[in-house]
Amino acid sequence: QQKVQQSPESLSVPEGGMASLNCTSSDRNFQYFWWYRQHSGEGPKALMSIFSDGDKKEGRFTAHLNKASLHVSLHIRDSQPSDSALYFCAAMNNNAGAKLTFGGGTRLTVRP
Amino acid sequence: AQTIHQWPVAEIKAVGSPLSLGCTIKGKSSPNLYWYWQATGGTLQQLFYSITVGQVESVVQLNLSASRPKDDQFILSTEKLLLSHSGFYLCAWGLGAGEQYFGPGTRLTVL
């Protein structure tokens, strides 16, 4: 079983809509969480990190962390076609060379 | 500003042939370095990481090896390619528990 699981596998929203992505970890040693975005043919780029319980907002993106349930979510408001990409949740426990464990990814499509 | 360069951009190789992929990071001293593998549209699997020159830790066994001959250089290689080695290889650098910065990747096709 993957230590970091994402849902849904794919998501389609209309332009201007809200996209909600979910991530659950099965390892309580994970302390730090990241959301990465990867456009086709490129390397992933970090969108935002979240280390504390609660919400963290950066522009149109809001991440939420609940450490008790090991659940992380990412909400994208006013979605744009340029947001269409593969989104990864990644977790880190600050041991062993800062190894990042990635989830399976969510493919987001924003329809014009 | 830090830059990360990977070479080659893409490779088409025969099963059983050798492979060498490279990664160079400029503008950052003594970063942690990482190699990842990604199947088309799939998740990212960390292969190796290195905290310092000459030291490389293996995360998963895929008949690949890695070396860090210089502070800013990370090499991924194998003497004999398998069909299962096809995919997208990504090099990344990072500092401690911070963000990891990925290179543009190398697309490998093994026939």
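The values are calculated or read from the model by the stated rules, or taken from the named source; none is laboratory data. Values in this document were obtained by computation on a predicted structure and should not be read as measured data. Positions of Cβ are backbone-derived with ideal geometry, glycine not excepted, and every protein chain shown enters the neighbour counts. Just so you know, the surface numbers come from the protein's heavy atoms only, side chains and all, with ligands and any DNA or RNA stripped out. Shrake-Rupley method; radii C 1.70, N 1.55, O 1.52, S 1.80 Å.
Numbers for the structure displayed
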quantity	calculated
Chains A and B together, accessible area buried on both sides, 1.4 angstrom probe, square angstrom	1600 Å²
Förster radius 41 Å - calculated FRET efficiency between B:S30 and A:K67, Cβ distance, rounded to 0.05	0.85
Sulfur and carbon atoms: percent of accessible area, chain B [1.4 Å]	57 percent
Inter-chain shielding of B:57-64 (mean C-beta neighbours from other protein chains, 10 Å cut-off)	1
Along principal axes, Cα extents of the protein assembly as shown, largest first, whole Å	48, 38, 36
Net +/- balance of residues flanking A:S26 in space, Cβ distance below 15 Å, scoring K and R +1, D and E -1	+2
Chain lengthening between B:K80 and B:H5 when straightened (0.36 nm per residue, less Cα-Cα)	24.5 nm
Fully extended contour minus Cα-Cα distance, from A:Q31 to A:E15, at 0.36 nm per residue	2.4 nm
Rounded to whole Hz, the Karplus (6.51, -1.76, 1.60) HN-Hα couplings of the stretch A:55-64, x for glycine and proline	9, 9, 10, 9, x, 7, 9, 10, 9, 10
Gain upon complete extension [B:T109, B:I12; 0.36 nm per residue less C-alpha separation]	34.4 nm
Net +/- balance of residues flanking B:Q46 in space, Cβ distance below 14 Å, scoring K and R +1, D and E -1	+1
Gyration tensor over alpha-carbon atoms, the stretch A:18-75, equivalent ellipsoid semi-axes in Å	20, 14, 10
Size of the stretch A:57-112 as Cα extents on the principal axes (Å, biggest first)	43, 20, 19
Solvent-accessible area per residue for chain A (1.4 angstrom probe, square angstrom)	46 Å²
The stretch B:1-64: Rg to Rh, with Rh as the Kirkwood radius over Cα pairs	0.98
Carbon/sulfur fraction of accessible area - chain A, other protein chains in place, 1.4 Å, %	46 percent
Rough spin-label spacing in nm, given labels placed 7 Å along Cα→Cβ, for A:R77 and A:E42	2.4 nm
